[in-house]
Amino acid sequence: MLTLEGPRNGITSFVETLTLLGAYSKEREFLMTRHSKLWRVATWLYVLINAGGAVFAFAQDERMHGELHIALLLLGGAGYLIWRLNRQANQQNLAGGGADPRLEYLQQSVDAMALEVERIGEAQRFNEKLKAERAEISPLPKKEV
């Protein structure tokens with residue numbers, strides 16, 4: 001069983017837990033920071049290209065082309081808002097007092113079943129050991145004449 005004992009009397013932070021499991025490192029943090037910066041740059045390029053395209057299209061008297069750029073801007077903005085709201089909701093769920101009580105109950109039930117299966121296995125091994133010892137000790141069967 002994996003125990004996550006930390007310097008604060010058994011309480012570990014999320015980062016400490018991930019580090020112990022090998023799922024976190026400073027290199028990964030750097031990559032995630034670099035990726036988020038790249039996404040920011042890509043987002044600003046998307047906005048500038050579509051805003052500039054809309055202005056240019058309307059200046060050239062291409063109404064449908066300009067409306068397409070405006071629609072793409074709105075679609076990108078809506079996607080960004082949905083992503084931000086979903087991200088905030090996920091962060092609140094992670095910080096919101098632990099796991100669902102039903103999930104904790106399920107985990108306790110699985111642990112109890114695993115313990116019982118282990119006990120059954122021990123009992124079977126003990127019975128087999130007793131049978132083997134009795135077979136060695138038991139006298140030869142009497143021959144009927």
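All of the numbers you see were taken from the coordinates with simple rules; none came from a lab. As the structure is a computational prediction, the values presented were derived from the model and not from experiment. Don't worry about glycine lacking a Cβ; one is built from the backbone with ideal geometry, like all the others, and counts go over all protein chains shown.
The modelled label-to-label distance between Val117 and Tyr46, using points 7 Å beyond Cα along the C-beta direction, is 4.5 nm. Translational diffusion of the range 41-90, estimated by Stokes-Einstein from the Kirkwood radius over alpha carbon pairs at 25 °C in a medium of 0.890 mPa s, is 212 µm² per second.
Computed over the alpha carbons of the range 46-124, Rg followed by Dmax gives 27.3, 86 Å.
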